[in-house]
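Asker: To start, I am sharing the structure in question, which I have written as C-alpha cells.
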Amino acid sequence: MRIVLHYDREFERAGWDVVSCSEQDEARFAELLPDAEVIWHVLRPLTAADFDRAPRLRLVQKLGTGVNTIDLDAAAERGIAVANMPGRNAQAVAETALLLMLAALRRVVAFDAHTRAGRGWPADPALTGGEIAGRTVGLLGGGEIATLLRRMLTAIGATVLYTSRTPRPDDPAWRPLDDLLRASDIVSVHVPLTAETHHLLDRDRLALLRPGAVVVNTARGAVIDERALVAALDSGHLAGAGLDVFEQEPVDAANPLLGRADVVVMPHVAWLTHETWDRYFEVAMENVRRLEAGGELLHRVR
C-alpha cells in the first residue's frame, strides 16, 4: 500500500511502501498524489483539489490531533476516511507550554540577545523576571495536555485553574472562561480551533487578565486575535507571550509579534520530539494494518 508521509522525515521499515515528501515541495507532492492510498498528514492543508488528484486515496491519517487542516467534507464526499491520534503528543506539548511560560517570565529572548551582543553583564534591571511558583495559571481546556501541564505546574507551586466546554462545577479548580481570565497571571491555550473558539481571546477577554499577565499558545493560532494581543502588549497590560502557533502559518516574517523581545516564538513544533514521532508511527502503522484488513480504524474522525 503506497503511503505518503507528508513531512520532511524519513521512514524506513521493512515491508512498508512509504515515500516522504516535504510539505514545502508542492511539485513532488503533486507527483505522488495519483498513487497515494494513505497520506500521513502533519500541517500543510489538504483540500478538495488535492483529493481530486488522488483517486486511490483511502485514508488521511493525521499525525497529531487537530484536523482543522483537512477538508473533512471533501474527504467524506470522496469516501476517504480521516483519523487522528489524540494524546500522542500530549507530553511534548505540555512540556513546551511550561517552557514558554518560563521563557516569557524570565525574559529569555531579551537576555539571549543581550548576551550574544556582549551586554549580558551586568544584567539590565528592567529585565528582572518572575517565577511560576505563587502565580495563578489558567488553562483553556481540560483534556490530556492540560491535565499533564496541571500536574507539572502544581509541582512547581502554582495555583492552577482550568475551563472547559463542559462545566465541571464540582471541581474547585474549574471556572467559567471569563472568571478564569480575571483570576489568571498566566493563561495557556489548549483548545481546538472551531467556529466557537476562533478569536476566543479577543481584545475584551485579554483585558480581563491581571495586569502583567503572560499568554501562552501551543494549540492553534487563531484562538487568539493577534492584533488584540499586540495591542495588549503595547499597552503594557500584558507582560509577555509564548507562541508556538500563529493565525497564518508558516508565520509571515513581517508579523509584528516576531520583532518583540517580550514574545517567545516557535514554529508550531511543540509536538516535535523523537518520542512523539515513535508514538505517531505506532498508531499510523496500526491504522494502515486495519485499513488493509478491513477493520475499524483507531480514532476515526470522519
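The values are calculated or read from the model by the stated rules, or taken from the named source; none is laboratory data. In this text the structure is predicted, and so the values were computed from the model without any measurement. No Cβ is skipped: glycine too gets one built from the backbone with ideal geometry, and neighbour counts run over all protein chains shown. Ligands, DNA and RNA are excluded from the accessible area calculation, which covers all protein heavy atoms including side chains. Shrake-Rupley method; radii C 1.70, N 1.55, O 1.52, S 1.80 Å.
Asker: Exactly one condition in (1) in the same structural domain as D17 (by the TED database); (2) open to solvent by 70 Å² or more (accessible area, probe 1.4 Å) is not met by V288; state its number.
Answerer: Unmet condition: (2).
Asker: When residues of the stretch 272-285 are filtered for being open to solvent by less than 60 Å² (accessible area, probe 1.4 Å) and assigned to a helix (DSSP H, G or I), how many remain?
Answerer: Summing the residues that are open to solvent by less than 60 Å² (accessible area, probe 1.4 Å) and assigned to a helix (DSSP H, G or I) in the stretch 272-285 gives 7.
Asker: If you check L209 against the conditions, is it in a loop (DSSP other than H, G, I, E, B) and outside the structural domain of A146 (by the TED database)?
Answerer: Criteria not met by L209.
Asker: Within the stretch 206-216, is there a residue that is within 13 Å of the chain's Cα centre (by Cα), surrounded by 22 or more Cβ atoms within 10 Å (Cβ to Cβ) and over 24 Å from G134 (Cβ atoms)?
Answerer: Within the stretch 206-216, not a single residue is within 13 Å of the chain's Cα centre (by Cα), surrounded by 22 or more Cβ atoms within 10 Å (Cβ to Cβ) and over 24 Å from G134 (Cβ atoms).
Asker: Please specify each residue of the stretch 275-302 satisfying the condition of being among the basic types (K, R) and in contact (Cβ under 8 Å) with a residue 60 or more places away in the chain.
Answerer: R279, R300, R302
Asker: Out of all the residues in the stretch 93-138, which are in a helix (DSSP H, G or I) and acidic (D, E)?
Answerer: Within the stretch 93-138, E95, D112 meet the criteria.
Asker: Do you know which residues across the stretch 163-205 are outside any loop (DSSP other than H, G, I, E, B), open to solvent by 10 Å² or more (accessible area, probe 1.4 Å) and either farther than 14 Å from A146 by Cβ or in contact with a helix residue (DSSP H, G or I) (Cβ under 7 Å, 6 or more places away or on another chain) (or both)?
Answerer: Once the filter is applied, which keeps residues that are outside any loop (DSSP other than H, G, I, E, B), open to solvent by 10 Å² or more (accessible area, probe 1.4 Å) and either farther than 14 Å from A146 by Cβ or in contact with a helix residue (DSSP H, G or I) (Cβ under 7 Å, 6 or more places away or on another chain) (or both), the stretch 163-205 yields T163, D178, D179, R182, A183, R203, D204, R205.
Asker: Right, here's the next one. Could you go through the stretch 164-171 and let me know if any residue there is more than 22 Å from R106 (Cα to Cα) and either touching a Ser or Thr at 6+ places or on another chain (Cβ under 7 Å) or outside the structural domain of G240 (by the TED database) (or both).
Answerer: The answer is no, given that none of the residues of the stretch 164-171 is more than 22 Å from R106 (Cα to Cα) and either touching a Ser or Thr at 6+ places or on another chain (Cβ under 7 Å) or outside the structural domain of G240 (by the TED database) (or both).
Asker: Among (1) open to solvent by 10 Å² or more (accessible area, probe 1.4 Å); (2) in contact with a strand residue (DSSP E or B) (Cβ under 7 Å, 6 or more places away or on another chain); (3) under 30 Å from Q61 (Cβ atoms), which single condition is V245 missing?
Answerer: Going through the list (1) open to solvent by 10 Å² or more (accessible area, probe 1.4 Å); (2) in contact with a strand residue (DSSP E or B) (Cβ under 7 Å, 6 or more places away or on another chain); (3) under 30 Å from Q61 (Cβ atoms), V245 breaks only (1).
Asker: Among the residues of the stretch 139-149, is there at least one that is in contact with a Gly (Cβ under 7 Å, 6 or more places away or on another chain) and either at pLDDT 95 or above or within 19 Å of G212 (Cβ to Cβ) (or both)?
Answerer: Yes, the stretch 139-149 contains a residue that is in contact with a Gly (Cβ under 7 Å, 6 or more places away or on another chain) and either at pLDDT 95 or above or within 19 Å of G212 (Cβ to Cβ) (or both).
Asker: Ok, one more. For the list (1) under 17 Å from the mean Cα position of the chain (by Cα); (2) open to solvent by less than 30 Å² (accessible area, probe 1.4 Å), I need the number of the one condition that V251 fails.
Answerer: All conditions pass for V251, except number (2).
Asker: What single numbered condition from (1) polar (S, T, N, Q); (2) closer than 14 Å to G240 by Cα; (3) within 23 Å of the chain's Cα centre (by Cα) fails to hold for Q91?
Answerer: (2)
Asker: Another one. For the stretch 23-92, please list each of the helices (runs of 4 or more DSSP H) lying entirely inside it that holds at least 1 residues being crowded, with 20+ Cβ neighbours inside 10 Å and among the small types (G, A, S).
Answerer: It comes to 72-77.
Asker: Then there is this: Scan the stretch 18-55 residue by residue and report those that are of a type in the set (S, T, N, Q) and free of Cβ contacts under 8 Å to residues at least 24 places away in the same chain.
Answerer: Result: S20, S22, Q24.
Asker: Another question about this same structure. Of the residues A232, A219, only one is open to solvent by less than 50 Å² (accessible area, probe 1.4 Å), touching a strand residue (DSSP E or B) at 6+ places or on another chain (Cβ under 6 Å) and assigned to a loop (DSSP other than H, G, I, E, B); which?
Answerer: A219
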